[in-house]
Amino acid sequence: MGADMKKRSNAPIFWLLFGAGGVLAALTGVALVLITGVLVPLGLVLPQDYMAYPRVLAFAQNWFFKAFLFAVIALFAWHAVHRIYHSLHDLGIHNNSGTWMLCYGSAMAITALGAIALLGIGF
């Protein structure tokens, strides 16, 4: 191997997940919180039974919306974990392999659990 060969990095993959999660959070996060956390529970704009269990289950069993829910769960998790990992340095916790495994391992676990839960409710 030549002296001018650079070591390959996996950082672009994590920056891609971070960026995609940030864009998704910026485009849909506020609307999701507003609709599911404020408007529907208060009965504003939409009736309160709009988010009744059978209706939400039917929403989550549709393949298109299941993919959307998976993207929201996974990309929000990767975005948050990447921010936390890089913010630990500001708190005096220096990045090492243990913090890397804890942070990114938790994002991978959240992604896997989200996939299992979404597949578990059927189509």
* To do: Would you please list the contacts, defined by Cβ atoms under 6 Å and residues six or more apart or on different chains, that run from a residue in region 60-77 that is free of Cβ contacts under 8 Å to residues at least 12 places away in the same chain to a residue that is assigned to a helix (DSSP H, G or I)?
  => F65/F59
* L44 of a type in the set (A, V, I, L, M, F, W, C), over 27 Å from Y104 (Cα atoms) and free of Cβ contacts under 8 Å to residues at least 60 places away in the same chain -> yes
* **Filter pass, G92 being part of a loop (DSSP other than H, G, I, E, B), loosely packed, with under 10 Cβ neighbours inside 10 Å and out of contact with any Phe, Trp or Tyr (no Cβ under 9 Å at 6 or more places or on another chain)** => yes
* **Only listed residue being among the hydroxyl-bearing types (S, T, Y) and at pLDDT below 90, chosen from S87, S106** => S87
* List the number of the failed condition for F18; all other conditions in (1) touching a Lys or Arg at 6+ places or on another chain (Cβ under 9 Å); (2) over 28 Å from W100 (Cα atoms) hold. => (2)
* Asked: In this structure, does T36 turn out to be surrounded by fewer than 16 Cβ atoms within 10 Å (Cβ to Cβ), in contact (Cβ under 8 Å) with a residue 12 or more places away in the chain, farther than 26 Å from G122 by Cβ and of a type in the set (S, T, N, Q)?
  -> no
* To do: Quick one: in region 87-123, of everything that is aromatic (F, W, Y) and in contact (Cβ under 8 Å) with a residue 60 or more places away in the chain, which residue is nearest to L75 (Cα to Cα)?
  => Y104
* Could you list, in sequence order, the residues of region 15-57 that are over 14 Å from A74 (Cβ atoms) and of a type in the set (S, T, N, Q)? -> T36, Q48
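The values are calculated or read from the model by the stated rules, or taken from the named source; none is laboratory data. Quick caveat, the model's predicted, so the values are computed rather than measured. Cβ sites come from the backbone with ideal geometry, for glycine too, and all protein chains shown count toward neighbours.
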